[in-house]
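A.B. asks: Structure provided below as structure tokens; questions to follow.
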Amino acid sequence: MRAAVLADIHGNADALRAVLADAKAQGAERLIVNGDVVNRGPDSVEALELLLGRPDVTFTLGNHDDLLRLWHTRSDALPPDWFADPFWGATEWSAQALDRAGLLHASAAWPMSTELWEPGVGRVLLAHGTAEHYRESLSEQTPLPRVQALRAHGDGAPYDVLVGSHIHRPAHARLDGTLVLNTGAVGAPANHDPRAQYLLLTATPGGWVPTFRAVPYDQGGVLRRFETSGLLRTGLSAEIFREELRTARSLYTPYWGWTEETGTPGQQTAGQPS
């Protein structure tokens, strides 16, 4: 059995199509969409529509999938000052697009984690972050005690493989006998490689074998849609998301961290941080 694990599509339908075609060519029998289908890019509706209804897809919940629902309902789980801050214009735009399409609540039933299991091969636990929270990162830098705790998650036998996403870069490590993997990002990589990236897991008599795929695609279309869709007119956060896609670098997180550390309004400071 071979499964394709893809995540962090972030509203980039062109990158998603490239990965779906590659996964089919690689003989993937299952698709596990490991969170963050939507937000950041201009194609949240199209990306969801490409995946919903496919019989071979299993979803887990990502923080951006949840964020758009929380945003649209003005949930008290989010800081109230965010709703008046123009820096969040791109999030508002994406939430409205999903709501108009009737897809805002498509992710409401997605679980925090899912698993793969094949007799004689071992158990795989998959989550956008970890099975306990979608914002917790999983990589070769995860402390060993945390890996051991996650391996024992749930009531069954310990997991042999842990798979996360969220950090937008691939990772591969064996920590205390546990295979720890990160899928990388389909639509917004942050490892200086602009190709659409995902993970293949193949069940073999010797255990699960990971293969990291990086699929070329033409970025021109999605970059143009930042402008033609109206997303870019929402302000600075959309500009940052476009540059992240173009450069395959993490820009939003360090920028937002800088504004919080300095108390600087995010929307009014374009170009200040290095």
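The values are calculated or read from the model by the stated rules, or taken from the named source; none is laboratory data. Remember, predicted model here, so these are calculated numbers, not experimental data. Cβ sites come from the backbone with ideal geometry, for glycine too, and all protein chains shown count toward neighbours.
A.B. asks: I'd like the full set of residues that are over 22 Å from Ala108 (Cβ atoms), of a type in the set (A, V, I, L, M, F, W, C) and either in contact with a Leu (Cβ under 8 Å, 6 or more places away or on another chain) or in contact (Cβ under 8 Å) with a residue 12 or more places away in the chain (or both), limited to the stretch 22-55.
C.D. replies: Residues satisfying the conditions are Ala23, Ala28.
A.B. asks: Looking for something surrounded by fewer than 20 Cβ atoms within 10 Å (Cβ to Cβ) and touching a residue at least 60 places away in the same chain (Cβ under 8 Å) - is there at least one such residue anywhere in the stretch 238-246?
C.D. replies: no
A.B. asks: In addition: For the stretch 147-176, which residues satisfy the criterion of being within 17 Å of Tyr198 (Cβ to Cβ), touching an Asp or Glu at 6+ places or on another chain (Cβ under 8 Å), surrounded by 15 or more Cβ atoms within 10 Å (Cβ to Cβ) and of a type outside the set (Gly, Ala, Ser)?
C.D. replies: Result: His166, His168.
A.B. asks: Can you find a residue in the stretch 100-109 that is touching a Ser or Thr at 6+ places or on another chain (Cβ under 7 Å) and under 14 Å from His64 (Cα atoms)?
C.D. replies: no
A.B. asks: Test Thr130 against the stated conditions and say whether it is part of a loop (DSSP other than H, G, I, E, B) and farther than 17 Å from Glu115 by Cα.
C.D. replies: no
A.B. asks: So, Ala214, is that one assigned to a loop (DSSP other than H, G, I, E, B) and closer than 24 Å to Val19 by Cα or not?
C.D. replies: For Ala214, the condition - assigned to a loop (DSSP other than H, G, I, E, B) and closer than 24 Å to Val19 by Cα - is not met.
A.B. asks: Suppose we filter the stretch 247-274 for residues that are surrounded by 14 or more Cβ atoms within 10 Å (Cβ to Cβ), assigned to a helix (DSSP H, G or I) and modelled with pLDDT of 85 or more; how many remain?
C.D. replies: Qualifying residue count for the region: 3.
A.B. asks: Moving on. Before we move on, is Asp160 free of Cβ contacts under 8 Å to residues at least 40 places away in the same chain and acidic (Asp, Glu)?
C.D. replies: Criteria not met by Asp160.
A.B. asks: Right, another one. Specify which of the listed residues (Thr60, Thr91, Thr73) is polar (S, T, N, Q) and closer than 17 Å to Thr234 by Cα.
C.D. replies: Values: Thr60 fails: closer than 17 Å to Thr234 by Cα; Thr73 fails: closer than 17 Å to Thr234 by Cα.
That would be Thr91, the only listed residue that is polar (S, T, N, Q) and closer than 17 Å to Thr234 by Cα.
A.B. asks: For the stretch 177-210: of the residues being more than 16 Å from the chain's Cα centre (by Cα), assigned to a strand (DSSP E or B) and without any contact (Cβ under 8 Å) to a residue 60 or more places away in the chain, which is surrounded by the most Cβ atoms within 10 Å (Cβ to Cβ)?
C.D. replies: My answer is Val180.
A.B. asks: Search the stretch 133-153 for residues being hydrophobic (A, V, I, L, M, F, W, C) and either outside any loop (DSSP other than H, G, I, E, B) or closer than 23 Å to Leu31 by Cβ (or both), and hand back the single one that is nearest to the chain's Cα centre (by Cα).
C.D. replies: Per the stated criteria, the residue is Leu138.
A.B. asks: If you don't mind, another one. Condition first: more than 18 Å from Val45 (Cβ to Cβ) and among the hydroxyl-bearing types (Ser, Thr, Tyr). Now tell me which residues in the stretch 205-263 satisfy that.
C.D. replies: Result: Thr211, Tyr217, Ser237, Thr247, Ser250, Tyr252, Thr253, Tyr255, Thr259, Thr262.
A.B. asks: Pairs under 7 Å by beta carbon, first residue within 17 Å of Thr259 (Cα to Cα) in the stretch 80-98, partner polar (S, T, N, Q), six or more apart or different chains?
C.D. replies: Cβ pairs passing all conditions: Asp85/Gln267; Pro86/Gln267; Phe87/Ser237; Phe87/Gln267; Trp88/Ser237; Gly89/Thr234; Gly89/Ser237.
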